[in-house]
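Read-outs: derived from the displayed coordinates by stated rules, not from any lab. Quick caveat, the model's predicted, so the values are computed rather than measured. Cβ coordinates were reconstructed from backbone atoms using ideal geometry, including for glycine residues, and neighbour counts include every protein chain displayed.
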Amino acid sequence: MTKKTFHLREISYDDWEILLEWRNEKETRNNSINSNIIQEDEHKDFIKKIIKDSEKNQFIFEYNEKPVGTIREDLLGEDQFELSYTINPKYRGMKIGQIMMHLYLIERKGSFFCEVKEKNIPSIKMIEKLGFKLFKKDNQINLYKLDK
């Protein structure tokens, strides 16, 4: 039986291409707050800024050494973080998002927020299983919060 490995690592600039591919995929865009197609130069600048910004961290989630998802944390205030995440389209529906989020949260403390379009039922089910609670609704966007 093959051993399954999961690993969360910080992004590097070299990850820009796969992150852009995932970000511009149709279903990802439909479920994103900003559903516009992102251009390559704009994306590369964004990745550079995240890597340099002490109030933002982004991680690649690897399954058997293959990148399958990403999660970004933006510091909102002391011990308060807004999270955003994307799963490689080839790995959707396999509980990868739930495993990634669980691995991310396991040793972290604070308040964590996720903005999710109310039509994005798979994402809502995933974060609710992890203990996030609906905090606020605004213009078809739900804000979820987890305190730990």
Discussion item. Limiting things to C-alpha atoms, what are the Rg and the maximum Cα-Cα separation (Dmax) for segment 42-110, in angstroms?
Written reply: 12.9, 36
Discussion item. Over all directions, the average projected area of the alpha-carbon convex hull for segment 1-53 comes to how many nm²?
Written reply: 5.3 nm²
Response to the item:
Rounded to a whole number, the Stokes-Einstein D of the chain in µm²/s (Kirkwood radius over Cα pairs; 25 °C; 0.890 mPa s) is 155 µm²/s
Response to the item:
Summed over the other residues with a beta carbon less than 14 angstrom from that of residue 8, with K and R at +1 and D and E at -1, the charge totals -2
